[in-house]
Amino acid sequence: MNKKTNKINNIKNILIIRLSSIGDIVLTSPIIRSLKATFPNSQLSFLTFSNFADTIRFNPRINNKIFVPKNDLKKNFLSYFKINLSFLDNIVFDIIIDLQNNKYSKKIISLLKCQHLFTLNKQRLHKLSLVYLKKPLIKDFSVVNNYFATFEKHIELIKDNLGLEFWLDSEETYLEQKMNIKSDKITISIAPGAAHKTKQWLPEYFVELIDMLHSEYKDSLIIQLLGSSKEKKLADYIIKNTNIKLNDYIGKTSLIETGKLIDKSHLLVTNDTGLMHIAAARQTPIVAMFGSSVRELGFAPYRAISTIVEIPLWCRPCSHIGRSFCPLIHFNCMKKIEPKIVFENCRNLIRQQFNPI
């Protein structure tokens, strides 16, 4: 395709497909904002799995939010489509942007009418080169830039230099700049979990970090634990072994409620997780521990105040996603990130907020 699609008259309907997961969907928000700025009168639709609905639920830039249960898509999507999504039969999408590019998104697209289809290049060679040769093939690679690359050669986009968005239910306009939180207390959110074991900092290190933070800030400190119910055992371990009372929200809040807790925090301490990207969207400073992850995979906090704590090792990354165990057994990528290193980075970001230069 060599002509600019926004030169075509009457761009009325645009569909973005990104089915999972939390971080990947939040990373689509600059694309949503750019498309809506470029085609302000269009109907912008976004389709994702139902269990990730909160990632876009309150985004007013999206006209139609379409949530599909994953089990229905896997089992009998044709039947589900006819019963629940039959309204799509009446729409001819001028542009469909498939940012998932897997068998599920292709199944969905096969049932839709479309003028121009753009499909994500997952840059597998870049990822494989990082994992097996430890060499990036794309300089300064980021997931957001790769999303834009899916279609920007064919569309004259209006782009800005802003970051991610994660909309809360109480907002009419998105925060352009987060003001310093007015509080005598220092609120630190900690997200100790991760989808893969090689992305998870050691539980005992979180305990040591919390004790260091308490020793430094004493009664001025509020620490809250965030995450899903899958991290309950991890939370129980941390709570049992720390010397201070923690506010435990793990498994007790929706994603929107978790976003509000992050929004009111001075700092998020996290692994490479979806909550890291929500913190970036809410402009909450971040200290992130990267073990098997490396920033060249494209998931560094996007246009956010952040510090990535990592140890340069020849074996990183061992996977482009994450593993359930260290293939070399030693797990040095996380073990060598000592709590005192993370503590110093936390203290630096807190100092910037309470004692700005």
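Taking Met212, Met276 and ordering them by how much accessible surface each has at a 1.4 Å probe, largest first, produces Met212, Met276.
Summing charges over all other residues whose Cβ lies under 13 Å from the Cβ of Val26, with Lys and Arg as +1 and Asp and Glu as -1, gives +2. Ordering Arg61, Arg282, Arg316 by accessible surface, largest first, gives Arg61, Arg316, Arg282; the 1.4 Å probe counts only protein heavy atoms, with every chain in place. For the chain, the share of accessible area belonging to carbon and sulfur comes to 50 percent (1.4 Å probe, ligands and nucleic acids excluded). Model label points for Asp160 and Lys135, set 7 angstrom from Cα along the Cα-to-Cβ axis, are 4.0 nm apart.
For the stretch 194-306, the calculated P(r) over all alpha carbon pairs, in 5 Å bins from 0 to the bin holding the longest distance, is 2, 12, 21, 24, 23, 14, 3, 1 percent.
Dimensions of the stretch 178-259 based on its C-alpha atoms, expressed as ranges along the principal axes with the largest first, amount to 35, 29, 20 Å.
Phi-derived couplings, Karplus 6.51 cos²θ - 1.76 cosθ + 1.60 at θ = phi - 60°, listed residue by residue for the stretch 280-294: 4, 5, 8, 6, 8, x, 10, 10, 10, 9, 10, x, 6, 6, 9 Hz, with x used for Gly and Pro.
Across Trp314, Trp201, the residue with the most accessible area heads the list, and the full order at a 1.4 Å probe is Trp314, Trp201. Close amide H contacts of Leu221 (hydrogens built in the peptide plane, cut-off under 5 Å, sequence separation of 5 or more or a different chain): Ile186. Sequence-ordered 3J(HN,Hα) estimates for the stretch 322-333 from the Karplus curve with 6.51, -1.76 and 1.60 and θ = phi - 60° stand at x, 10, 7, 7, 6, x, 9, 6, 5, 6, 5, 4 Hz, glycine and proline given as x.
Which FRET efficiency, nearest 0.05, do Lys103 and Lys336 yield, Cβ-Cβ r, R0 41 Å? After rounding to 0.05, the efficiency reads 0.60.
With N denoting the number of residues in the stretch 1-115, provide Rg(C-alpha) divided by 2.2 N^0.38 Å, to two decimal places. All intermediate terms of the calculation are to be shown ahead of the outcome.
Values: Rg = 13.8 Å, N = 115, 2.2 N^0.38 = 13.4 Å.
Against the empirical 2.2 N^0.38 Å value, I get 1.03 for the stretch 1-115.
Across the chain, C-alpha contacts under 8 Å between residues 6 or more apart give a mean separation that, scaled by the residue count, equals a relative contact order of 18 percent.
Quote the FRET efficiency, to the nearest 0.05, computed for Tyr237 versus Cys114 with a Förster distance R0 of 41 Å and r equal to the Cβ-Cβ distance.
On the way: r = 49 Å, r/R0 = 1.21.
Calculated value: 0.25.
Taking a ≥ b ≥ c as the square roots of the eigenvalues of the Cα gyration tensor, the stretch 61-128 is classed as oblate, since a/c reaches at least 1.5 and a/b does not exceed b/c.
For Leu125 and Lys74, a Förster radius of 30 Å and the Cβ-Cβ distance give a FRET efficiency of 0.55, rounded to the nearest 0.05. So how far apart, in nm, are the two label points at Ser220 and Ile305 if each is 7 Å from Cα heading toward Cβ? Spacing of the two 7 Å Cα→Cβ label points: 1.6 nm.
Based on Cα contacts under 8 Å between residues 6+ apart, the stretch 39-99 shows a relative contact order of 29 percent. Heavy-atom accessible surface of the chain, averaged per residue, reaches 49 Å², computed with a 1.4 Å probe.
A 1.4 Å probe, protein heavy atoms only, puts the accessible area of Ile256 near 10 Å².
The values are calculated or read from the model by the stated rules, or taken from the named source; none is laboratory data. Since this is a predicted model, take the numbers as computed values, not measurements. Here Cβ is always computed from backbone atoms with ideal geometry, including for glycine, and neighbour counts include all displayed protein chains. All accessible areas refer to the heavy atoms of the entire protein, side chains included, with ligands and DNA or RNA removed. Shrake-Rupley method; radii C 1.70, N 1.55, O 1.52, S 1.80 Å.
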